[in-house]
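The structure appears right after this line, and notes come after that.
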Amino acid sequence: MQYTNEPLESASVVAAARGSQKSSSVLATLREAFAGSSQDFTEGSIRRAIVLLAVPMVLEMSMESLFGIVNVFWVAHLGKESAAAVGITESLLTIIFAVAMGLSMATTAMVARRIGEKDQPGASVAAFQAIAIGIAVSVPVGLVGIFFTPQLFHLMGASGEVQAAGSGYSRMIIGTNVVIMLLFLNNAIFRGAGDAAIAMRALWFANVINIILDPCLIFGLGPFPRLGVTGSAIATTIGRGAGVILQLYLLSSGTARVRVSVRLSKLDFGVMLRLLRVSVGGMFQFLVATASWLGLMRIVSEFGDAAIAGYTIAIRIIIFALLPSWGMSNAAATLVGQNLGAGKPDRAERSVWSAGLINMMFLGLVTVIFLIFAEPLVRIFTTDATVVPYGVDALRFISYGYVAYAYGMVMVAAFNGAGDTTTPTWINLGCYWLFQIPLAYTLANIAGLGAQGVFLAITIAESCIAITGVLMFRRGSWKLRKI
């Protein structure tokens, strides 16, 4: 009897062909994510929809964080007074960012809902109201920044040298805060509509201009005047302003899924009130979370400058590592809003569980990397032998809760995408302020764990947020939310 390996060879060829097709499909999806997709996200593969939305959203957020990195990098060359002025201004901007974040959450939810309902005019009306609210909030804040900068610096405890170095910077950044607000809000419109790639490109455009102008205006390169730290503010404002102009052009030209036309550009106080009602919860979410991190920093500070430095470095690494997870969470928010609008609550729920699973796998990988490479990662930022151990402990301890936190992030975003910003606010308030802060103090001081107690409290609290979020999500009341 003669034996042949033809069936085996045929099976190998089929397997190879399938593998090749799968690779081609993945590459095609990634190309579509970068270029911009016209897919209806209320139909088709949920996982493909998550990728199409999440990839550009991750890159968009990376570009937003790049503004701060570029500014700090160049301003640090001017001395500690200039760097301190930038830090104080960023602290003053916390309120502006809170308002922008809250309005952005509400805007994304409302635009996504109208797109899911196939109500394009309704999405346009919601978009215009968001822009109008953003401008109305920004103008008085800008006037305060222009006329009362010295008083604001004094309230923040800045020295005379810091005030002298940074008053021009602060006046420019706070005085023109409208470009920050509109950059956030316009991209929230694009994300809600499913145009994540447009939001990404707008921030790329803004960042390229900022990166080019920053050193030129700070140090007076070529024909540019030497303006010091004020030059950084001017460069950033021009970059953000250019990004806003591009966004408004795309919104008015019909290039995006939402078109803000002259015909629909009228104030609708009913829509405005709904946006404001939803956005208040989003603002408190941001402020509660931010304030809790300040509270933790205060507890860590009791263990010395090395503990503060190590914790700060670890948090910077963690924030960078979590960018893909935030992109995944924002994708889930868009899918929830659009599918609720389309009358498909079950598909909205499946989208959240799928995004949570993908996020869990990603953060599981990050956990392994942090556990193995924590010390080399911290040593990229410092070689101080007193600082490194604290940074390593923070990375490792906090990463223990990542698998649970993966679901927590997505659940919170899902509530926001449904227009329910109240539930996540109460979750944050309970888990952060009523639980995390007291637990951190107890573990650090009473139990004698020192800074490690704070890091462990973060892990436990974030896991509680995940568990609470999942339990609340499973109740399903978010499906009935009207917006």
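The values are calculated or read from the model by the stated rules, or taken from the named source; none is laboratory data. From a predicted model like this one, the values you see are computed outputs, not experimental measurements. Note that each Cβ is placed from the backbone with ideal geometry, even for glycine, and that neighbours are counted across all protein chains shown.
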Can you list residue pairs whose Cβ atoms sit under 6 Å apart, with the first residue in segment 467-479 being in contact (Cβ under 8 Å) with a residue 12 or more places away in the chain and the second being surrounded by 11 or more Cβ atoms within 10 Å (Cβ to Cβ) and of a type in the set (S, T, N, Q)? Count only pairs 6 or more apart in sequence or on different chains.
472/423
Say whether the condition of being buried (at least 22 other Cβ atoms within 10 Å of the Cβ), assigned by TED's automatic domain parsing to the domain that holds residue 437 and touching a residue at least 12 places away in the same chain (Cβ under 8 Å) is met by at least one residue in segment 236-253.
no
Filter segment 275-293 down to residues that are closer than 17 Å to residue 462 by Cβ and either of a type in the set (Gly, Ala, Ser) or surrounded by fewer than 19 Cβ atoms within 10 Å (Cβ to Cβ) (or both), then give me how many there are.
5
Please state which one of 466, 440, 444 is small (Gly, Ala, Ser), assigned to a helix (DSSP H, G or I), touching a Gly at 6+ places or on another chain (Cβ under 7 Å) and closer than 30 Å to residue 111 by Cα.
466
Can you spot a residue in segment 208-228 that is of a type in the set (D, E, K, R), assigned to a helix (DSSP H, G or I), under 30 Å from residue 58 (Cβ atoms) and within 22 Å of the chain's Cα centre (by Cα)?
no
Within segment 263-283, identify whether any single residue is assigned to a helix (DSSP H, G or I), in contact with a Ser or Thr (Cβ under 7 Å, 6 or more places away or on another chain) and over 30 Å from residue 423 (Cβ atoms), and answer yes or no.
no
Failed item, numbered, when residue 157 is tested on (1) outside any helix (DSSP H, G or I); (2) in contact (Cβ under 8 Å) with a residue 60 or more places away in the chain; (3) surrounded by fewer than 20 Cβ atoms within 10 Å (Cβ to Cβ)
(2)
Screening 378, 366 for residues that are at pLDDT below 95 and either within 22 Å of residue 47 (Cβ to Cβ) or of a type in the set (Lys, Arg) (or both) leaves only 366
Scanning segment 439-476 residue by residue, those within 29 Å of residue 388 (Cβ to Cβ) and either surrounded by fewer than 16 Cβ atoms within 10 Å (Cβ to Cβ) or aromatic (Phe, Trp, Tyr) (or both) turn out to be 441, 442, 445, 446, 447, 448, 455
Test: residue 126 is closer than 27 Å to residue 280 by Cα, aliphatic (A, V, I, L, M), buried (at least 23 other Cβ atoms within 10 Å of the Cβ) and in contact with a Lys or Arg (Cβ under 7 Å, 6 or more places away or on another chain):
yes
Residue check, residue 260 against (1) among the aliphatic types (A, V, I, L, M); (2) out of contact with any Leu (no Cβ under 6 Å at 6 or more places or on another chain); (3) outside any helix (DSSP H, G or I); (4) within 29 Å of residue 210 (Cα to Cα), all met but one. Which one?
(2)
